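Please treat every number below as a calculation from the coordinates, not as lab data. None of the values given here were measured: they were computed from a predicted structure. Methodologically, a virtual Cβ is constructed for each residue, glycine included, from the backbone with ideal geometry; neighbour enumeration extends over all protein chains shown.
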């Protein structure tokens, strides 16, 4: 299975990545090489196999629904690129 | 075999000690933590050409060393009191820049400390700084770091600069070259074991769940596991003892008691069954690697182990499985870097433009490649064909190991298909690059502990590693067999040459 440029652009948009014209070609080639490599998996019969999410995940523990940390607004905002009135600032999203 | 090796300026014999030897020296008051820490800081300064650290924290290290000396004077020292370590820049360290070697996190100072580094600090360890790595731990060369490549302290006979392996390449170069007494690493597909093999040190990836992942910048959450990188097997046991343990903040960390690792070191391998997986013998495998593997089996046999051929039939599907699952998890984990809450922000007129500009400028090429693959295999219409399929093959790979461990106690294989290569020999085709991890990835998929032990030299005089893989939560069998391999190989580290 090979990806055409339209598909690569669509995936990039989904991933919020911008691929400039000069990077599009090499990236498309790399992705297709990787997908071709991955296609080996089709050789394996998995019709009777259950998917495995990971190891050590069979019994996810629950914790009590309690607040463990509070009054940490300063810590949360400490690394923000732009802050106003104790909030993160982003470009206008509502017209 | 005459190999011209350029020695770093070793002004001080203190930096040749192992962690265990340095610990003993401190307890016997032969030197202070301040002496030891200063020796390392000097060595770091005179070996900056290796680019092993992204950030050095000398003031903090000296301050902690003085505090350690006070505790040692009162005989109140912890298990790693006063011992200077390097910390991979994937571990969040409170108030100290943590970048994952990415431009997108440049300047980020975590408001919290990772559980593993907290455990090390509670035991009295002194941190020298944050070690270089492949960006977001994605790579096998340390060449994807935004902060530049790391140089392996070892040199080949042609004198070319070699890669230290990756992704924990800075930690490996630091431990091998005398820039840290020991270091932390993380291993998602071989990122502790492969650089350990390339740099002639010991690297241990514990069982998934043995150490907490809390506060470690996430790459592929079902595969990531932190572990020690050390000068010898004993040091690995010492470090793991402190790093390991259940953590309520990581729901996948195992609520099992941590056994004593040190006592396994002297238990030997008499009666232990060692499996040799025939599928790990790759077509056209380097003859040095084949010879090393045969030596390893012979050494274990001579020490009383039984050697048994085993089959892990789905081995060849490990890498394709990994290159679906790891990018899928990464694309999801790395969605958090949006230029809004922390890290780099590249301005845009709209919020989407801000996201796209920030992420395109902040992530390097390999990271973007993996995000795109991951996004594709998780996208509508392809999820079943790729992601679900890979999860099914993952189970078959794990079952191969379960069956093998009904017949044997530990598996022996090489760590890498080749010794370290030069920076300019690094493959440009990503798939060829991924083949570096062909022997290490299966243990991650199955969640099993694996250790690389330096065991010989290539014809070019470069270190080669043997890998031991054990059943889940049986790191002790790795320490038993690893100690035997270490003694038989009598490998001389870079600092001992």
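Over chain B, what is the relative contact order in percent, taking alpha-carbon pairs closer than 8 angstrom and at least six residues apart?
Relative contact order, chain B: 17 percent.
Please compute the average number of Cβ atoms from other chains found within 10 Å of each residue's Cβ in peptide B:392-400.
Taking the mean over all residues of the peptide, I get 5.
With both partners inside chain B, how many of the DSSP beta bridges are antiparallel, as a percent to the nearest 5?
65 percent
Rounded, prolate or oblate: which fits chain B when a ≥ b ≥ c are the square roots of the eigenvalues of the alpha-carbon gyration tensor, with rounded for a/c under 1.5 and prolate only if a/b beats b/c?
Rounded is the answer for chain B, as its axis ratio a/c remains below 1.5.
Which order do peptides B:82-92, A:43-53 fall in by mean Cβ count within 10 Å, highest first?
B:82-92, A:43-53
Based on the mean of other Cβ atoms within 10 Å per residue, sort peptides B:199-212, B:330-343 so the most packed one is first.
B:199-212, B:330-343
Considering every residue in B:425-436, what mean count of other chain Cβ atoms within 10 Å of its Cβ is obtained?
The per-residue average across the peptide is 2.
Taking each residue in B:363-374, count the Cβ atoms of any other chain within 10 Å of its Cβ, then average. What number comes out?
Counting other chains' Cβ atoms within 10 Å and averaging over B:363-374 gives 4.
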